Amino acid sequence: MVLPLYLIFYFIAVSVSKGAGGWSPLNSNKYQWLEIKLEQRTEITAIATQGRYGSSDWLTRYLLMFSDTGHNWRPYRQEDSIGAFSGNSNADSVVMYKLQQPIIAQYIRILPLHWNPNGRIGLRLEAYGCQYKSDVVSFDGSAHLLFRPDPSVSLADRDVLSMNFKTLLNSGMLVHMEEHSGHSFTLELFRGKLLLQLRKGTKTHLSALLGSLLDDQHWHHIRVERIRGLVNFTVDKNTQQFQLPEFHFLNSFHKISFGGTSASGLQKSHSRRNFHGCLENVLYNDISVIERAEEQQLSITVSGNVSFTCPESIDVPVTFASPGSFLALPWVSGGESASVSLQFRTWNRAGLLMTFDLQHNAGTLWLYLSEARARLQIHKTGRIMTDITAGASLNDGQWHSLELAVRRGRLAVTLDRTDSSTASTSFPVAPDSQLFLGGCPDTEGGSGCRNPFSVFQGCMRLIRTDGALVDLIRVQQMLFGNFSDLQMDMCGIVDRCSPSRCEHGGRCSQSWSTFHCNCSATGYSGATCHSSIYEASCEAYKHKGNTSGFYYIDMDGSGPIKPQLIYCNMSDKAWMVIQHNNTELTKLKASSGINQHLAHFNYSADAEQIQAIITQAEYCEQELSYHCKKSRLLNTPDGAPFSWWVGRSGEAHMYWGGAVPGSQQCACGLQENCVHPEHFCNCDADSKEWLNDSGLLSHKEHLPVRALAVGDINRSGSEAAYRVGPLQCYGDNNFWNAAYFNKETSYLHFPTFHGELSADISFLFKTSSSSGVFLENLGIKDFIRIELSSPTQVLFSFDVGNGPLEVKVETASALNDERWHHVRAERNVKEASLYVDHHPGTVQKAPADGHIHLQLNSQLFVGGTASRQKGFLGCIRSLKLNGKTLDLEERAEITPGVTPGCPGHCSSYGDLCQNHGSCVEDHSGFTCDCSLSPYTGTFCHKDVSAFFKPGTSVTYTFKEPYKLNRNVSAQSSSIYSDLTLRGENVSLSFRTSQAPALLLYVSSYYREFLAVLLNRNGHLDVKYKLQHNRDAEVFRASGRNLANGQLHRVSVQRLGETSTKVTILSPDCSCGGDIEISLKTQTQLFLIAESGEVDPEIARLNALGFTGCLSVVQFNSISPLKAALLYPDTSPVIVTGALSESSCGSSLPTNPYAAETTHSLADHVGTVGTGEPIVNAINSDSALIGGVIAVVIFVSLAALAVMARFLYRRKETFQPQEPKAEKNDDSPETPFNTDPNSQSIISDNQKEYFI
């Protein structure tokens, strides 16, 4: 019968006034406590406190301690980090705590921490609990119990072992279990942790480590539960779950040893010793082993000295917990020899262990931890007289023994009884009057103690001076020595890495007060390695401006799925390509005795990753091809299939690539175009000629292809080949999942967010509103909220029980600009952080000893709050909570005031389109239209290049229905002198080792020209003749050799009627700027090119031809080289000779230097109104391309000695043009017909260019 225990304690202290009830000590200070001794060990489930009756005395904060012996106290912790309880706010109200984990103890103690500042310490206490039944057995390190379970009642599918244990030693065998099959199962204490192992012989099949600091002489609970192949391993409140190997646990154990095992069994263990300590309530499948042992039943064999009581050793540790902690002990001189010994444990790598002044002013001795080693130094008048070190890795949390011994001028420091360092001294080494441990008191006290090192934070016990044990209880009672800020009769060390709060494989390290996670090589970041550093899809990488390549993809962000290296093919779509072990065409030949060929495919991503990729993708496909010669495939129309493939779930599928699931057809059967119409697959015709059935599998639920079975290959003459392509997916349903909130009172609601210890929230938003709540989730007291608090501030606020905490990010520019902005917030046990776009983030540290669990219970509100106030107006997209994306669009479909989806992405992502590419809106994202750019690729970033040799040419023709005689007069040409081209922009990149070489040539009808060339020294020259009655002149634009095989970029830009700018971009230029040629003239270049006389030097260079690379050739919006290479069939180009695309122009650095020189041509030009025809008179980019591009092409191919030819005709010039259909493709038609940068475009004139 379980009886409730109801205890009410009223203590009358010396200071209690008449008529008042409760406990109140004489002195109200931090060294007081209230201790309660129960009749026996009791299970305590709750406590309640009040202040002292009728007074101003109450506790506002206190510690709850418990013990079995009245010594070696243990603090009760509510959440592994909360040691203190909040008390009362007055003398009468009752504050009750139901303990999450009941206390089982005979002694409890209340330690006041804070009390009413206007009163004194005062307390009335109630404790609630139940009687506790305990069967115990103790082992002395050489004994054990052997239990043989009854095989007739064994449970083959389930085993449960539970017990409690306590010990002072950190290693020892607890349980050893054996099967008839030779497998053994062990539980052993190793370095203060519990190690579970499954072995057969010397081979270990399974190993798990749990718990820490279990050698503290307190009871710890163990439970091992096996349900078929699944094992739950629990130590105290922490549980690990793992799967057993398939071959194991088919049989029950035939013998179980508790407390140790035989000598041969110990040799295979880590601890190499039997258990020394006590076991309690040992149950195996509900059988009490200790009860049977006490009753001396035949199933139990007792070996060695076993006692059914638990003797308690009096162990009084002391904790140095704060920077002000120290312990001072008086020293009585004992002659020439002296010794000090103690045991300590700590997590810190540094700290003072002991110090004292030597007798006769011989100096000062310091013994301290440095880099986790013990170091002893003796200083005298600023000199180091002695310096020795001993030990290693002393900050591992284990108990280490330390002894300092001095005898006859020889000093020795010994660690753990084995590692010793010695030194000789010429002076006596003995304390003068006092020995200080852990630290020093304030120097104002005149103690003479100095500590130039860190203070010690940790525990000490078994302190001896000259062999005599120091009575720390007398020290606690202030009857001996002196101390400050010590926690007496307890070791308060906490293992903050057990269980580890570091996620995703982060390595945990710790000091006394905190822990640190090393996230290197994990793929995650943050204080607890919670947040992934990778994107969730190729789509996300694309929208960061990344091009094709291998990227790590983390499908679920902070979730359990590991990142995977995947190739992203950034074309019009962002394709994720998952390779497998055989994507090549594999040929099969007939082989006698083999009826079927089986092929299994192992993918670069595991099954969980692939499933996440397919689920998240918008579309997936996988090529499946079968080439056959007298080898049937599906045996259509009515036969049993010879071949099939196995999909994701392991199910065989009888349809082929290009057909629909369940059809037992190939693509030709679906399209009704098979070679033999009576069959649904080409190969089913059993032809002696090679045929094939190929197509794409796109039913996502069936992908990927895991295996392929090919059957009809055993006949004579049968041949076949198959190919299973890589799995390819594009689109990210999560990345574009969005909702538009058009009412302030509208919101979406989702189930409660569970992020007790770690919570990360990320999303994108765009708005024109100045404020609004993005999301909110409430608890009874706890909450979490993210909001736009002002146009330039995002606020992340939450409460986990320590009071509201706010994290803010201020931005320099407004966030309500209708552009997408990214928000990422994270809260964990160490800190809270908030990041907005690429602005500097804000990090707020969590309280060192505060609540850590976020406990929420309301619905999660998105876009608003439960009160319908401060709602958000705008779009929220890709909302992820702990790696899981919320389906905003699905909820928005059924929610008034919220619309699924949110267009308008170019305002945010349009800058990703480079080199004059234009952004085109898409339902899910955007694309870059490269039709007006000489570049191509996803972001118009890929240059179009070709390597030229003499003999290669490209002719570009502008179509026109009317042609004029080439002997058109200058007068007719000047009719259009009032039509003025505002400017030209000609650019190209080149790479050559040829010098001299012609790079660019512009010619007019009147034999005026401008040429850009490399002279025989490789220097860039600009040769020009701008009036037909003057001689040609040369301007040296560059004094460097550009014929060096490196890539250079030349740009000729006429900015207006009076100046032209030439720019050279080179990777090796050491000077900055541009080459600028100012054409301060009123005479424009005439663009009618004739095949008359050519400058002799130009003709000579042309005859040499050009060998080298040209890329990204452009005139205004025209890209003739791109048209010739990529669209030769649809563009008005004629290619002569071999011309193919090359990557020769792709190595120009992204930030090349530029060389700049300015030259004036003012003295060499004519004036307006001279009566001469004005050149460059056609107001169209197309008009000028003959003069410039003809040269670019002429230069490019250096195969023709001709200049571009233009013919002008007035007829039909001003007739209205038919509107053209809009084109957004990356094709040459659009710029060839229409240029938005030109004015009054005349497209009726025919022009012809040779490239």
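The values are calculated or read from the model by the stated rules, or taken from the named source; none is laboratory data. Small disclaimer: the values here were computed from a predicted structure and weren't measured. Neighbour counts run over all protein chains shown; Cβ positions are idealised from the backbone, glycine included. In case anyone asks, the SASA skips ligands and DNA or RNA and just uses the protein heavy atoms, side chains included. Shrake-Rupley method; radii C 1.70, N 1.55, O 1.52, S 1.80 Å.
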Exercise. Out of all the residues in segment 241-265, which are modelled with pLDDT of 80 or more and open to solvent by 60 Å² or more (accessible area, probe 1.4 Å)?
Worked result: 241, 243, 255
Exercise. Considering only residues of segment 796-824 that are touching a Ser or Thr at 6+ places or on another chain (Cβ under 8 Å), more than 13 Å from residue 835 (Cβ to Cβ) and outside any loop (DSSP other than H, G, I, E, B), which is least open to solvent (accessible area, probe 1.4 Å)?
Worked result: 805
Exercise. Inside segment 847-922, counting only strands (runs of 3 or more DSSP E) that do not spill past its ends, which hold 1 or more residues that are open to solvent by less than 30 Å² (accessible area, probe 1.4 Å) and at pLDDT 90 or above?
Worked result: 860-862, 874-881, 898-900
For this session: Working only within segment 613-632, note down all residues that are open to solvent by less than 10 Å² (accessible area, probe 1.4 Å) and not in a loop (DSSP other than H, G, I, E, B).
Result: 613, 614, 620, 622, 624, 625, 626, 628
Exercise. Looking at segment 157-167, which of its residues are open to solvent by 20 Å² or more (accessible area, probe 1.4 Å) and in contact with a Leu (Cβ under 8 Å, 6 or more places away or on another chain)?
Worked result: 164
Seminar exercise, completed: Pairing a residue in segment 509-531 that is at pLDDT 90 or above with any residue that is of a type in the set (Val, Ile, Thr) and open to solvent by 40 Å² or more (accessible area, probe 1.4 Å), where Cβ atoms lie under 7 Å and the two sit 6 or more apart in sequence or on different chains, gives 523/533; 524/533; 525/533
Problem set entry | All strands (runs of 3 or more DSSP E) inside segment 387-451 with 2 or more residues being open to solvent by 60 Å² or more (accessible area, probe 1.4 Å) | 400-407, 419-424
Exercise. Of the residues that make up segment 1030-1043, is at least one modelled with pLDDT under 85, surrounded by 17 or more Cβ atoms within 10 Å (Cβ to Cβ) and of a type in the set (Phe, Trp, Tyr)?
Worked result: no
Exercise. Do any residues in segment 921-949 that are under 13 Å from residue 989 (Cα atoms) have Cβ atoms under 9 Å from those of residues that are among the aliphatic types (A, V, I, L, M) and surrounded by fewer than 20 Cβ atoms within 10 Å (Cβ to Cβ), where the two are at least six apart or on different chains, and which pairs are they?
Worked result: 943/1148; 944/1126
Exercise. Among strands (runs of 3 or more DSSP E) lying entirely in segment 1-76, which contain 3 or more residues that are of a type in the set (A, V, I, L, M) and at pLDDT 90 or above?
Worked result: 34-50, 59-67
Problem set entry | Filter result for the condition that a residue is of a type outside the set (Phe, Trp, Tyr), open to solvent by 30 Å² or more (accessible area, probe 1.4 Å), closer than 23 Å to residue 401 by Cα and in contact with an Asp or Glu (Cβ under 7 Å, 6 or more places away or on another chain), over 510, 487, 457, 476 | 476
